[in-house]
Amino acid sequence: MWSYEKRLQFPVKITTTCPKTAQLIISQYGGPDGELSASMRYLAQRYTMPVKSVGGLLTDIGTEELAHMEIICAMVYQLTKHLTPEEAKTAGFDAYYIDHTAALWPQAAAGVPFTSLEFQSKGDAITDLTEDLAAEQKARTVYDNLLRVITDPEVREPLKFLRSREVVHFQRFGEALERTKETLDAKNFYYFNPEFDKQML
């Protein structure tokens, strides 16, 4: 179970200004596979989940994803807090700088702003948990890609921690999917919505 404390789940201590790195990492804040969409996805899906323990898991992981969003925001902030306009221009961070200076704003690495279309809540336990499994794998892939191109150990350590949590969440959602399927008719759980079509249970 995740519980919130007034400190980051993993420490972030970045001492070198690097807007180019910030521009890459910000994708895990507001990109299609980022921590913001993950938290919103799980905290929305929990309400209609038919298995109470799985709803609890979604609450726990959704809350932890908010903590991961804090880590990403701390990283972007520390990478840009001493940014000069010239550094922003040289690094290709100038368009972001014009709109937001060094404030945090959710977007993908390519500059596409965050939208609620980044996540889904279908009200179907099998559909939602399958999406959750895919979401964790997609986020892990983004962290893999970031770790391939970023060499600064001060940046890499929090990224490695966040990547490891994607793996754990994937495992928990796999267990949750099996637990949910155990409560359904094994002949039918792929053919109807177990949350809505209750007469078929």
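The values are calculated or read from the model by the stated rules, or taken from the named source; none is laboratory data. The structure presented is a predicted model; accordingly, all values stated were derived computationally and were not measured. Quick reminder, even Gly has a Cβ in these numbers, built from the backbone with ideal geometry, and neighbours come from all protein chains shown. In case anyone asks, the SASA skips ligands and DNA or RNA and just uses the protein heavy atoms, side chains included. Shrake-Rupley method; radii C 1.70, N 1.55, O 1.52, S 1.80 Å.
Only one entry of Leu147, Leu129 meets the criterion of being assigned to a helix (DSSP H, G or I), without any contact (Cβ under 8 Å) to a residue 60 or more places away in the chain and not basic (Lys, Arg), and that entry is Leu147. The number of residues in the stretch 1-51 being of a type in the set (D, E, K, R) and at pLDDT below 95 comes to 3. Looking at Leu177, is it over 30 Å from Cys18 (Cβ atoms), in contact with a Pro (Cβ under 7 Å, 6 or more places away or on another chain), open to solvent by less than 30 Å² (accessible area, probe 1.4 Å) and aliphatic (A, V, I, L, M)? Considered against the rule, which asks whether it is over 30 Å from Cys18 (Cβ atoms), in contact with a Pro (Cβ under 7 Å, 6 or more places away or on another chain), open to solvent by less than 30 Å² (accessible area, probe 1.4 Å) and aliphatic (A, V, I, L, M), Leu177 comes out as no. I'd like the full set of residues that are surrounded by fewer than 16 Cβ atoms within 10 Å (Cβ to Cβ) and assigned to a helix (DSSP H, G or I), limited to the stretch 49-87. Those that are surrounded by fewer than 16 Cβ atoms within 10 Å (Cβ to Cβ) and assigned to a helix (DSSP H, G or I): Lys52, Ser53, Gly56, Tyr77, Pro85, Glu86. If you check Ala44, Ala22, Ala38, which single one turns out to be out of contact with any helix residue (DSSP H, G or I) (no Cβ under 6 Å at 6 or more places or on another chain) and aliphatic (A, V, I, L, M)? Result: Ala44 is the single residue among Ala44, Ala22, Ala38 that is out of contact with any helix residue (DSSP H, G or I) (no Cβ under 6 Å at 6 or more places or on another chain) and aliphatic (A, V, I, L, M). Residues in the stretch 6-24 that are part of a helix (DSSP H, G or I), open to solvent by 70 Å² or more (accessible area, probe 1.4 Å) and of a type in the set (S, T, N, Q): 0 in all. Cβ-Cβ distances below 8 Å connect the following pairs, each with a first residue in the stretch 161-181 that is closer than 11 Å to Gln137 by Cα, a second residue that is hydroxyl-bearing (Ser, Thr, Tyr) and crowded, with 20+ Cβ neighbours inside 10 Å, and a separation of six or more residues or different chains: Arg163/Tyr143; Glu166/Tyr143. Taken across the stretch 78-89, residues that are among the aliphatic types (A, V, I, L, M) and either within 29 Å of Phe173 (Cβ to Cβ) or touching a Lys or Arg at 6+ places or on another chain (Cβ under 6 Å) (or both) do not occur at all. Ser121 meets the conditions (1) over 22 Å from Leu83 (Cα atoms); (2) at pLDDT 95 or above in every case but one. The failed one is (2). Restricting the stretch 150-167 to residues that are assigned to a helix (DSSP H, G or I) and open to solvent by less than 40 Å² (accessible area, probe 1.4 Å) leaves a set whose member that is farthest from Gln23 (Cα to Cα) is Glu166. Do the conditions hold for Lys138, that is, is it basic (Lys, Arg), open to solvent by 20 Å² or more (accessible area, probe 1.4 Å), part of a loop (DSSP other than H, G, I, E, B) and farther than 21 Å from Ile14 by Cβ? When the stated conditions are applied, Lys138 does not pass them. Annotation note: of Ser27, Ser3, the sole residue that is of a type in the set (Gly, Ala, Ser), open to solvent by 60 Å² or more (accessible area, probe 1.4 Å) and within 18 Å of the chain's Cα centre (by Cα) is Ser3. Considering the conditions (1) touching a residue at least 40 places away in the same chain (Cβ under 8 Å); (2) out of contact with any strand residue (DSSP E or B) (no Cβ under 9 Å at 6 or more places or on another chain); (3) farther than 19 Å from Asp132 by Cβ; (4) open to solvent by less than 50 Å² (accessible area, probe 1.4 Å), Ala102 is excluded by exactly one of them, (1).
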